[in-house]
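The values are calculated or read from the model by the stated rules, or taken from the named source; none is laboratory data. Fair warning: this is a prediction, and the values are worked out from it, not measured in the lab. Every residue, glycine among them, receives a Cβ derived from its backbone with ideal geometry; neighbour counts consider all protein chains shown.
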Amino acid sequence: MEINMEMENRTHELRVQIQELKNELETLRQLPNKLSQTTYIDNWLREFEELLLDNTLFKVQNQALVDKNP
């Protein structure tokens, strides 16, 4: 149960960071001279989204193990 709470906290943190990056990326896209920063943040955003997916997969796997071995 404690592992699930920790994973929920991490998932929430990742979602917050993803939203912040999306906002920053949108701001940078409006500035024509910030192309390199835009690319950097876009790549970083993709990495965070992948981490969020990985975290979700770990939660599902953990729950499956708990269900299998109560």
Practice prompt. Look at the range 28-70 and say how many of its residues are surrounded by 12 or more Cβ atoms within 10 Å (Cβ to Cβ) and either farther than 27 Å from GLU2 by Cα or aliphatic (A, V, I, L, M) (or both).
Written response: 15
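Part of a helix (DSSP H, G or I) and under 13 Å from the mean Cα position of the chain (by Cα): is that true of ASN55 in this structure?
Numbers: part of a helix (DSSP H, G or I): yes; under 13 Å from the mean Cα position of the chain (by Cα): yes.
Against the criterion (part of a helix (DSSP H, G or I) and under 13 Å from the mean Cα position of the chain (by Cα)), ASN55 qualifies.
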Discussion item. For the range 26-41, which positions are assigned to a helix (DSSP H, G or I), of a type outside the set (Ser, Thr, Tyr) and modelled with pLDDT under 80?
Written reply: LEU28, ARG29, LEU35, GLN37, ILE41
Discussion item. Would you confirm, using the coordinates I've provided, whether ILE41 is β-branched (Val, Ile, Thr) and within 8 Å of the chain's Cα centre (by Cα)?
Written reply: no
Worksheet item: In the list LEU51, LEU25, which residue meets the criterion of being touching an Asp or Glu at 6+ places or on another chain (Cβ under 7 Å) and at negative phi?
Response: LEU25
Worksheet item: MET7 is checked against (1) surrounded by 14 or more Cβ atoms within 10 Å (Cβ to Cβ); (2) of a type outside the set (D, E, K, R); (3) at pLDDT 80 or above and fails just one. What number does that condition carry?
Response: (3)
Practice prompt. Could you tell me which residue of the range 2-17 is nearest to LEU52 (Cα to Cα), considering only residues that are within 12 Å of the chain's Cα centre (by Cα) and of a type in the set (Val, Ile, Thr)?
Written response: THR11
